[in-house]
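Derivation of every value follows stated rules applied to the coordinates shown; laboratory data play no part. No experiment lies behind these values; they were computed from the predicted model shown. When we count neighbours, we look across all protein chains shown, and the Cβ atoms used for this are built from the backbone with ideal geometry, even at glycine.
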Amino acid sequence: MRAALAGDGRAYRGLLEALTPRLRAVVARSLARAGAPNADLEDIVQETLLAIHLKRHTWDPSAPLAPWVQAIARNKTIDALRRRGRRVEVDVADFADFLPAAPARDPTEGGDVERLLGELGERQRDIVRSIGVEEKSVRETADRLGMSEGAVRVALHRGLKALAELHRRSVS
């Protein structure tokens, strides 16, 4: 570092190349202690090297270099952990055997829908069934029925409102 500060570019490049593997080890240990994954390791090492470059004039040549470099690495690691927050990353595949299955569909549900749909007018029934049951788009339904998309939306809204009212009456 002394030679680098005196203007020796080759010595400076050699210093940074020698520091890089040591910084990786220091940062990896810090991340492991914090329980963080090594995903940010290279970014932190690069930020540390950049900080060393930008702040090299603040190093006191009469003091040892290692503690100064380690302090910068520690601070850059802390900054990265703060930016990252308290996220815990877990692969969901590890829990596949423990996750509950999708709930089974109620077999009586379809009968109620069909019974209620049967009480609607033919056009409303076609539109509600197409969009709500068969999961077709408004455009597909409009094209099939020869209607505008706006008219299909209005009819769907009115059909759903009528179904809600029919359902309320059947439950009461």
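Quick one: 3J(HN,Hα) in Hz for the range 128-134, Karplus 6.51/-1.76/1.60 with θ = phi - 60°, rounded, Gly and Pro as x.
5, 5, 4, 7, x, 9, 7
So which lysines can residue 136 reach, going by Cα to Cα under 23 Å and dropping same-chain residues fewer than 8 places off?
Straight-line reach from residue 136, under 23 Å: 161.
What's the extension gain from residue 143 to residue 58 if we count 0.36 nm per residue and subtract their Cα-Cα distance?
23.3 nm
Under a cut-off of 23 Å between alpha-carbon atoms, report the lysines in cross-link reach of residue 76, not counting same-chain residues fewer than 8 places apart.
In chain and number order, the partners are 55.
Using a Förster distance of 25 angstrom, determine the FRET efficiency expected from the C-beta separation of residue 65 and residue 34, and round it to 0.05. Intermediate results must be reported in sequence, preceding the final value.
Values: r = 25 Å, r/R0 = 1.00.
Working from the Cβ atoms, E equals 0.50.
Multiply the residue separation of residue 82 and residue 51 by 0.36 nm, subtract the distance between their alpha-carbon atoms, and state the gained length in nm to one decimal.
Numbers: separation 31, 0.36 × 31 = 11.16 nm, distance 1.76 nm.
This chain segment gains 9.4 nm when fully extended.
Provide the gained length on full extension for the span residue 158 to residue 11, in nm with one decimal, where the gain is 0.36 nm per separating residue minus the Cα-Cα distance.
Result: 45.0 nm gained on full extension.
I'd like the Karplus ³J(HN,Hα) series for the range 9-23: coefficients 6.51, -1.76, 1.60, θ = phi - 60°, whole numbers in Hz, and an x wherever there's a Gly or Pro.
x, 5, 5, 5, 4, x, 4, 5, 5, 6, 6, 4, x, 5, 5
R0 = 30 Å: FRET efficiency of residue 123 with residue 168, Cβ-based, nearest 0.05?
Working: r = 22 Å, r/R0 = 0.75.
In this case the efficiency is close to 0.85.
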